[in-house]
2 protein chains.
Amino acid sequence: MRINVTDVARQLGHALGDIQTPAALLDREKLTRNCARMREHVHALGSRLRPHMKTLKSVDAAKIALDPLHGGIAVSTLNEARYFGERGFSDVCCAICLPPEKFDAAVRLTESGARLNFFVDDPKVALAAADHGGTFEIWIEIDSGEHRTGIKPDDPALLEIASTIQAGHHTTLMGVATHAGHSYACRTIADIRAVAEQERVAVVDAASRLRNAGFSVPNVSVGSTPTAIHAVSAAGITEFRAGVYMAGDLVQSTLGSLKFDDIAFSVLATVISTRRDRRQIVLDAGGLALSKDRGTKEMTHDYGYGLITNLSAKCVFGELTISEVHQEHGEVHNVPQSVFDQLHVGSKVRILPNHVCMTAAMYDRLLVVDDDAQIVQAVWSRTNGWT
Amino acid sequence: MRINVTDVARQLGHALGDIQTPAALLDREKLTRNCARMREHVHALGSRLRPHMKTLKSVDAAKIALDPLHGGIAVSTLNEARYFGERGFSDVCCAICLPPEKFDAAVRLTESGARLNFFVDDPKVALAAADHGGTFEIWIEIDSGEHRTGIKPDDPALLEIASTIQAGHHTTLMGVATHAGHSYACRTIADIRAVAEQERVAVVDAASRLRNAGFSVPNVSVGSTPTAIHAVSAAGITEFRAGVYMAGDLVQSTLGSLKFDDIAFSVLATVISTRRDRRQIVLDAGGLALSKDRGTKEMTHDYGYGLITNLSAKCVFGELTISEVHQEHGEVHNVPQSVFDQLHVGSKVRILPNHVCMTAAMYDRLLVVDDDAQIVQAVWSRTNGWT
């Protein structure tokens with residue numbers, strides 16, 4: 001991903017009113033505060049933070065998110081692993097189960113000097129890793145209730161995988177890891193705390209079983225933004241992996257992970273059509289600019305495809321949301337008449353997304369602003385894709 | 001968008017089993033047949049085709065889709081307009097209302113020699129175009145029932161916009177255009193035919209009003225894949241704009257726009273976890289690889305987040321669909337026990353998408369195969385983003 005220098009010149013130092021839309025904005029001050037808050041919380045619990053870069057996929061963001069007590073990051077794809085590895089990050093956890101077909105690609109990444117560690121949840125895959133010849137550090141993924149990937153702490157496969165890894169000449173057991181993604185279905189903080197404890201207990205149990213069987217388990221990792229934020233105990237946990245907390249989004253603010261004003265990511269968009277008779281405004285931000293994620297649909301508050309603010313990220317239009325998206329059109333329905341005095345064709349707005357991981361992935365760069373100011377202070381590249 | 005040469009070397013000429021996943025596959029033979037069928041249909045109606053490149057965004061695909069009787073294409077963003085303009089396409093219709101803030105960028109595109117024409121639905125925007133100084137060819141967008149953008153054929157603004165364009169020294173009236181996007185809500189072919197006729201009548205009416213008032217209206221344009229395919233009359237229509245028909249998807253096959261076996265686009269994915277006890281398989285294609293489009297949800301047939309086939313695009317697993325997506329995980333629920341004998345960790349499958357425009361946009365290249373064969377015959381770049 002190469003950014004056109006002329007394009008950057010048209011963005012850097014310019015007011016938001018002059019920026020071509022749609023574009024992705026990142027508030028650096030809010031990002032910095034969100035990162036500091038999570039680090040302090042995790043340190044207060046006596047643990048350390050491995051920031052998950054799957055959301056922002058930006059080396060500049062990673063430098064702000066890094067926990068100096070840990071130094072490692074998590075990623076969701078081998079492409080991200082390469083991007084960060086090439087930029088000097090030496091402990092990169094690819095927090096997903098890799099099939100043996102990806103081992104060659106994983107080895108190529110480690111040849112540049114980075115330590116790449118990844119998840120396994122299947123004895124056959126562990127055997128393939130041990131037989132491969134590549135130097136692999138492996139996490140055994142534990143299912144703490146999400147039922148996506150991972151094995152239960154009492155699954156006989158736990159010890160089988162650990163034995164296979166130990167027997168391999170170039171494979172090392174990194175530890176056990178889990179992701180309590182089912183915390184997103186919670187509707188109260190009490191419920192999230194219960195899931196956080198379930199997450200902790202599952203992976204600590206797995207570590208105990210392994211240690212009782214004689215294995216060394218240096219790392220015990222949990223992670224999801226809601227459970228990390230609301231965890232009250234980190235007993236037995238060596239690291240938290242989380243990522244969405246950095247930028248935040250409407251799902252997270254609705255879940256109670258952060259305040260509405262903490263959301264650091266937004267999409268800059270322009271009004272392209274108004275119909276006062278139909279009480280409708282159309283923006284140049286549609287399904288591609290916002291993603292089709294409807295994460296808040298089943299939550300206590302439904303924000304459609306995103307919430308519209310002014311250029312200072314303030315809700316001056318009441319609760320104005322994107323009602324419908326087409327590929328490049330975002331329709332706003334039931335617009336109050338007063339809003340037609342504020343927004344005309346050409347007016348610019350910001351849109352806060354439901355799910356920042358999905359929305360940010362539509363952009364190859366982040367336009368950096370500071371604390372709701374309206375000048376682009378920096379242009380950060382980000383990586384996308386898989387290969 | 002620059003493609004890494006080493007990456008291409010790892011894909012070109014290789015069997016699908018050796019390709020890193022997720023990846024976007026395009027069947028060139030199916031694409032070619034879909035394009036020929038639409039051209040022949042439109043020619044039989046006595047009209048011409050302006051293929052809309054918003055789906056594939058690839059110069060190689062555009063060469064196959066082009067109608068030699070027309071020569072022009074449609075696009076959905078200024079970025080696409082630049083991409084195609086720089087590659088020699090001289091009649092590029094940016095089929096969306098541009099706000100005045102984008103006029104400078106539009107002028108920069110025409111400086112490379114391409115003719116860029118775009119939509120307007122607001123007298124103030126027409127005035128801004130006439131006053132701008134740039135050489136602009138303008139379509140007046142008509143609302144034929146979708147109620148997204150555009151004015152009704154009997155809106156007084158119709159003549160006002162035309163007068164303003166005519167009065168401008170560098171603005172020309174290209175014609176009238178509409179998009180019957182509401183055809184996607186139809187559930188029978190008869191209903192689609194009715195919408196196609198409504199679409200035709202609306203734009204022909206607008207052209208008549210303009211001509212009766214003395215304006216020259218050289219072009220009358222309609223477009224949506226369902227209405228283009230099922231239109232029975234093109235009386236008064238000089239061109240059809242459509243795009244999804246080239247690649248096809250599950251929404252289009254469910255609507256009856258093409259046959260299931262005509263779908264030319266699919267996502268190549270790998271099994272990364274299996275749980276026979278939970279009857280669950282997990283693929284490395286999640287919300288980013290497939291998009292979160294749930295276009296078939298409210299249709300007569302719900303395919304979840306996509307339908308799984310074997311590497312020859314055959315439904316050998318019964319109707320196996322992606323039930324749930326996370327960022328990089330696609331969960332398949334209720335997997336029949338027999339499928340666990342066919343699919344293991346590392347097995348590769350193809351996934352047909354709900355909405356190809358959304359899914360293809362997640363990839364910067366298309367791996368080209370011929371007629372369900374399993375060898376990558378070519379690697380086509382595509383463009384994404386807006387600036």
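Residues that are buried (at least 22 other Cβ atoms within 10 Å of the Cβ), part of a loop (DSSP other than H, G, I, E, B) and more than 12 Å from every other protein chain (Cβ to nearest Cβ) within segment A:54-71 comprise A:Leu56, A:Ser58, listed in sequence order.
Scanning segment B:292-332 for residues that are more than 24 Å from B:Val345 (Cα to Cα) and surrounded by fewer than 14 Cβ atoms within 10 Å (Cβ to Cβ) yields B:Lys297, B:Glu298, B:Thr300, B:His301.
Within the option set B:Val345, B:Val349, being part of a loop (DSSP other than H, G, I, E, B), touching a residue at least 12 places away in the same chain (Cβ under 8 Å) and buried (at least 22 other Cβ atoms within 10 Å of the Cβ) holds for one residue only, B:Val345. Might you let me know whether segment A:268-275 holds any residue that is touching a Cys at 6+ places or on another chain (Cβ under 9 Å), modelled with pLDDT under 95 and not aliphatic (A, V, I, L, M)? Within segment A:268-275 (the criterion being touching a Cys at 6+ places or on another chain (Cβ under 9 Å), modelled with pLDDT under 95 and not aliphatic (A, V, I, L, M)), the answer is no, since none of the residues qualifies.
Residue check: B:Arg148 meets all listed conditions (1) in contact with a helix residue (DSSP H, G or I) (Cβ under 7 Å, 6 or more places away or on another chain); (2) farther than 23 Å from B:Met246 by Cβ; (3) not hydrophobic (A, V, I, L, M, F, W, C) but one, namely (2). Residues in segment A:340-366 that are out of contact with any helix residue (DSSP H, G or I) (no Cβ under 7 Å at 6 or more places or on another chain) and at the interface with chain B (Cβ under 10 Å from one of its Cβ atoms): A:His344, A:Ser347, A:Tyr363, A:Asp364, A:Arg365.
Among the residues making up segment A:128-154, those that are more than 10 Å from chain B (Cβ to nearest Cβ), over 12 Å from A:Val203 (Cα atoms) and not in a helix (DSSP H, G or I) are A:Gly133, A:Gly134, A:Thr135, A:Phe136, A:Glu137, A:Ile138. Evaluate segment B:108-124: report whether one residue or more is of a type in the set (A, V, I, L, M, F, W, C), modelled with pLDDT of 95 or more and not in a strand (DSSP E or B). The answer is no; no qualifying residue exists. Considering segment B:1-52, the residues that are in contact with a Ser or Thr (Cβ under 8 Å, 6 or more places away or on another chain) and among the β-branched types (Val, Ile, Thr) include one that is farthest from the other protein chains (Cβ to nearest Cβ), namely B:Ile3. Has segment A:195-207 got at least one residue that is surrounded by fewer than 22 Cβ atoms within 10 Å (Cβ to Cβ) and farther than 13 Å from A:Ser144 by Cα? No, every residue in segment A:195-207 fails to be surrounded by fewer than 22 Cβ atoms within 10 Å (Cβ to Cβ) and farther than 13 Å from A:Ser144 by Cα. Selection of segment A:216-251 for residues being in a loop (DSSP other than H, G, I, E, B) and within 17 Å of the chain's Cα centre (by Cα) yields A:Gly223, A:Ser224, A:Gly243, A:Ala247, A:Gly248, A:Asp249. Within segment B:352-364, if we keep just the residues that are aliphatic (A, V, I, L, M) and in a loop (DSSP other than H, G, I, E, B), the residue that is surrounded by the most Cβ atoms within 10 Å (Cβ to Cβ) turns out to be B:Met362. Identification of strands (runs of 3 or more DSSP E) wholly contained in segment A:256-310 with 2 or more residues that are more than 14 Å from chain B (Cβ to nearest Cβ) yields A:265-275, A:307-309. Scanning segment A:295-310 for residues that are within 24 Å of the chain's Cα centre (by Cα) and farther than 14 Å from A:Val356 by Cβ yields A:Lys297, A:Glu298, A:Met299, A:Thr300, A:His301, A:Asp302, A:Gly304, A:Ile308, A:Thr309. Looking across segment A:108-135 at every residue that is more than 16 Å from B:Gly346 (Cβ to Cβ) and not small (Gly, Ala, Ser), the one that is surrounded by the most Cβ atoms within 10 Å (Cβ to Cβ) is identified as A:Leu116.
The values are calculated or read from the model by the stated rules, or taken from the named source; none is laboratory data. Keep in mind the model is a prediction, meaning the values are calculated, not measured. Neighbour counts run over all protein chains shown; Cβ positions are idealised from the backbone, glycine included.
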